[in-house]
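J.: Below is the structure I would like to discuss, written out as structure tokens.
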Amino acid sequence: MASSRDDVMELDSFRKGVDHWLDEQEDALAPDHPGLGTLDQQMAQLAKVKRLGYEAGWVRWGWPERVGGLGGSPILRAYLGEALTARDVVEPGVYSMTEVLAPTMIGFARPELAASLVPRLLRGDETWCQGFSEPGTGSNLASLTCRATRTDDGWRVSGQKVWTSYAQYAARCVLLTRTGSQESAHRGITALFIDMDSPGITVRPLQTMHGVDEFSEVFYDDVAVPFERTLGEVDKGWSVAMDLLPYERSTSLWHKGAYLHRKLEHLLAAVPAGALSPAEVGEVVQILYAFRARSRATQYRMAAGDPLGPETSVDKVLVATAEQAVFDLAAAGLAGEVVLGDDGASRRWRSEFLYSRAATIYGGSAEIQRNIIARRILDLGDDR
Ligand SMILES: Cc1cc2nc3c(=O)[nH]c(=O)nc-3n(C[C@H](O)[C@H](O)[C@H](O)COP(=O)(O)OP(=O)(O)OC[C@H]3O[C@@H](n4cnc5c(N)ncnc54)[C@H](O)[C@@H]3O)c2cc1C
């Protein structure tokens, strides 16, 4: 992943250091549970790995010093996540929340707030969640209705969110609220950073079809939020959301890609000889490399300080296609395990196959990404 002379040096030494640390700490970093583990176990594992990585310094590289980081290029974060997910030390979904939410806090929270709270996220003391989707508002985010009303003492928030990943574990939430009129659509939205233990918040976990309480519906009943917790400007939360979403489609997708390469290796080691044709495997390898090439360019654009925008929808379409291609191949090569698997490694294949169906939904559905590509990159039709 090197493009310039400086990056070559910096990334090379970082890579060596991380790889050495991972080798040396292999036992300490290994999950305590066999196989996929429960979500509770995955969250505990994530907290452990972040704490050890923070203490050793590796987790702090690539983040600004004012939020507990050690500076350096975000490319370093791309490599760390690649190494952790490719070695099955952390699961890429739970690991992704840091990459999605910390940049938003750094960009939009008051500097003192970011300085006091981001280190807790990096160190694994806390998990955060993202409260965007509502029962009537997923793709059409601009029509959200969860309302924040201004009072003398701060905001009062009432409404409902849904599909909030890991909300039952989260200490805080980046929440999109309606502060203007409903008709004002994306102009009347304000982003808030709320404490999940505030009175008036009820979290009800929802189970996915792969049997995990991965996300929740979250009810906000007259929840008090101080004005200092406003992210960005009042009524300008749309720009916070537009800034956050490309992060959801950059570094964390690189990590996911590394994980998928690893899954393909596991799959090829597990399938009986002759169960898959070279052409079937070759096609999936090609899809994986198409994503990797695209995402690599995105990592370097981000490292160069270029703003990320609608073009990251291409990355999202490619990684979702790659994820489903890898697990479709697993279904072809390990049909019994994907159809019936209910324990050990079999359960993992079945569970991950089912979860891969969500890849074209979360983070904005594939249809919506294609609309963005058509309208905002190719200039085909209205930008709605
Ligand atoms: C595993 C998982 C985790 C998630 N985590 C979070 C989270 O942490 N926080 C959060 O806020 N949300 C989260 N979500 C919600 C996710 O962002 C939404 O599900 C997604 O944006 C789609 O919205 P929706 O479910 O309301 O579907 P809808 O918007 O109702 O869409 C239904 C179908 O219609 C299609 N469609 C809708 N509008 C158009 C259009 N204009 N053109 C063409 N097709 C269209 C969609 O592509 C989809 O196929 C998560 C979802 C999943 C599956």
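J.: Pick from Ala332, Ala359, Ala322: which is more than 16 Å from the ligand (Cβ to nearest atom), in contact (Cβ under 8 Å) with a residue 12 or more places away in the chain and closer than 26 Å to Leu244 by Cβ?
T.: The match here is Ala322.
J.: Starting from region 23-34, keep only residues that are assigned by TED's automatic domain parsing to the domain that holds Trp58, then list their pairs with residues that are basic (Lys, Arg) and open to solvent by 60 Å² or more (accessible area, probe 1.4 Å) whose Cβ atoms are within a distance under 9 Å, requiring at least 6 positions of separation or different chains.
T.: Partner pairs satisfying both residue conditions: Glu26/Arg87; Leu29/Arg87.
J.: Further question: For region 158-194, how many residues meet the condition of being open to solvent by 40 Å² or more (accessible area, probe 1.4 Å) and farther than 21 Å from Gly364 by Cα?
T.: 6
J.: Does Tyr247 meet the test of being within 21 Å of Ala83 (Cβ to Cβ) and open to solvent by 40 Å² or more (accessible area, probe 1.4 Å)?
T.: yes
J.: Of the residues that make up region 181-203, is at least one within 10 Å of the ligand (Cβ to nearest atom), farther than 30 Å from Gly341 by Cβ and in contact with an Asp or Glu (Cβ under 8 Å, 6 or more places away or on another chain)?
T.: Within region 181-203 (the criterion being within 10 Å of the ligand (Cβ to nearest atom), farther than 30 Å from Gly341 by Cβ and in contact with an Asp or Glu (Cβ under 8 Å, 6 or more places away or on another chain)), the answer is no, since none of the residues qualifies.
J.: Regarding region 338-349, can at least one residue be identified that is hydroxyl-bearing (Ser, Thr, Tyr) and either within 16 Å of the ligand (Cβ to nearest atom) or modelled with pLDDT of 95 or more (or both)?
T.: no
J.: OK, next. Being open to solvent by less than 20 Å² (accessible area, probe 1.4 Å), away from the ligand (no atom under 16 Å from the Cβ) and either without any contact (Cβ under 8 Å) to a residue 40 or more places away in the chain or over 18 Å from Leu52 (Cβ atoms) (or both) is true for just one of Leu113, Leu76. Which residue is that?
T.: Leu113
J.: Out of region 23-62, which residues are in a loop (DSSP other than H, G, I, E, B) and among the charged types (D, E, K, R)?
T.: Asp32, the sole residue that qualifies.
J.: So, in region 63-73, how many residues would count as being open to solvent by 20 Å² or more (accessible area, probe 1.4 Å) and assigned to a helix (DSSP H, G or I)?
T.: 2
J.: On to the next question. Across region 1-39, what is the total count of residues that are acidic (Asp, Glu), modelled with pLDDT under 95 and closer than 15 Å to Val89 by Cα?
T.: Total meeting the criteria: 1.
J.: Only residues in region 164-180 that are at pLDDT 95 or above count as the first member; pair them with residues that are more than 12 Å from the ligand (Cβ to nearest atom) and aromatic (Phe, Trp, Tyr), Cβ under 8 angstrom, at least 6 apart or cross-chain, and list the lot.
T.: Going by the 8 Å Cβ cut-off, the qualifying pairs are Arg172/Phe193; Cys173/Phe193; Val174/Phe193; Leu175/Phe193; Leu175/Tyr220; Thr177/Trp155.
J.: Further question: Would you please list the contacts, defined by Cβ atoms under 7 Å and residues six or more apart or on different chains, that run from a residue in region 200-213 that is under 12 Å from Val162 (Cα atoms) to a residue that is outside any strand (DSSP E or B) and near the ligand (Cβ under 10 Å from one of its atoms)?
T.: Close Cβ pairs (under 7 Å, with a partner that is outside any strand (DSSP E or B) and near the ligand (Cβ under 10 Å from one of its atoms)) amount to Val203/Ala167.
J.: For region 79-92, enumerate the residues that are in a loop (DSSP other than H, G, I, E, B), surrounded by fewer than 23 Cβ atoms within 10 Å (Cβ to Cβ) and hydrophobic (A, V, I, L, M, F, W, C).
T.: Val89
The values are calculated or read from the model by the stated rules, or taken from the named source; none is laboratory data. Just so we're clear, the structure is a prediction, and the values are computed from it rather than from any experiment. Note that we place each Cβ from the backbone using ideal geometry, even for glycine, and neighbour counts take in every protein chain shown. Protein only, heavy atoms only, side chains kept; ligands, DNA and RNA dropped before computing areas. Shrake-Rupley method; radii C 1.70, N 1.55, O 1.52, S 1.80 Å.
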